[in-house]
1. Could you check the range 98-133 and list, in sequence order, the residues that are closer than 18 Å to Ser30 by Cβ, in a strand (DSSP E or B) and of a type in the set (A, V, I, L, M)?
2. Is it true that Ala86 is touching a residue at least 12 places away in the same chain (Cβ under 8 Å) and more than 17 Å from Ile26 (Cβ to Cβ)?
3. Spot the failing condition for Asp90; the list is (1) modelled with pLDDT under 95; (2) within 30 Å of Asn16 (Cα to Cα); (3) surrounded by 13 or more Cβ atoms within 10 Å (Cβ to Cβ); (4) out of contact with any His (no Cβ under 8 Å at 6 or more places or on another chain), and only one is missed.
4. Test Lys76 against the stated conditions and say whether it is within 20 Å of Tyr133 (Cα to Cα), at pLDDT 95 or above, under 16 Å from the mean Cα position of the chain (by Cα) and surrounded by fewer than 19 Cβ atoms within 10 Å (Cβ to Cβ).
5. Would you pick out the residues in the range 64-80 that are without any contact (Cβ under 8 Å) to a residue 24 or more places away in the chain and part of a strand (DSSP E or B)?
6. Condition (residue is crowded, with 18+ Cβ neighbours inside 10 Å, at pLDDT 95 or above and in contact with an Asp or Glu (Cβ under 6 Å, 6 or more places away or on another chain)) applied to the range 62-72: is it met by at least one residue?
7. Name every residue in the range 7-55 that is within 20 Å of Glu130 (Cβ to Cβ), modelled with pLDDT under 95 and in a loop (DSSP other than H, G, I, E, B), in order of residue number.
8. Quick one: in the range 111-121, which of the residues that are exposed (fewer than 14 other Cβ atoms within 10 Å of the Cβ) and touching a strand residue (DSSP E or B) at 6+ places or on another chain (Cβ under 7 Å) is nearest to Val52 (Cα to Cα)?
Amino acid sequence: MKYMTKKEIREYVKKNFKNPFKVGDIIHHSWGYGQTNCDFYQVVRVTKASVVLRQINGKPVEGSEGFMCNRLMPDKDNFRNNPFNAITKDKCGDGDEEILKRVSAYMKEDGTLRYYIPTPYGWASKWDGEAKYNSWYH
């Protein structure tokens, strides 16, 4: 691929951007300092450049337990009520907590786009189907 300026890259991303998320997709967000918090979200609506998410519970993988840690899988359609959302830095209200997030992308070296959802604690992306590490301290 030929060398591109930052402006050319921005224009390329804008021109080729296509929201890859679909209703029902699972989003994974891992964050924390001193422990690893593992959050899952389910896409409930999609627009041209954003997604509407609801946080879902994770379920422990049997046999993955360690000292104050385990691995989690998302529990699709098992929506959480009253969660703290690290994806927004807010504690949501009661009931049907929906979060609107803009989808972003960057160009990889091979010219393909990598899509992600920016968050206050890094980024979230489409879940890859693998169990995710989770830890806590009491």
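The values are calculated or read from the model by the stated rules, or taken from the named source; none is laboratory data. Predicted, not measured: the structure shown is a model, and the values here were computed from it. Positions of Cβ are generated from backbone atoms using ideal geometry, with glycine treated the same way; all protein chains shown enter the neighbour counts.
1. Listed by number, the residues that qualify are Ile99, Ile117, Ala124.
2. no
3. For Asp90, the exception is condition (2).
4. Against the criterion (within 20 Å of Tyr133 (Cα to Cα), at pLDDT 95 or above, under 16 Å from the mean Cα position of the chain (by Cα) and surrounded by fewer than 19 Cβ atoms within 10 Å (Cβ to Cβ)), Lys76 qualifies.
5. Gly66, Asn78
6. Looking for residues that are crowded, with 18+ Cβ neighbours inside 10 Å, at pLDDT 95 or above and in contact with an Asp or Glu (Cβ under 6 Å, 6 or more places away or on another chain), one finds none in the range 62-72, hence no.
7. Across the range 7-55, the qualifying residues are Gly32, Gln35, Thr36.
8. Pro118
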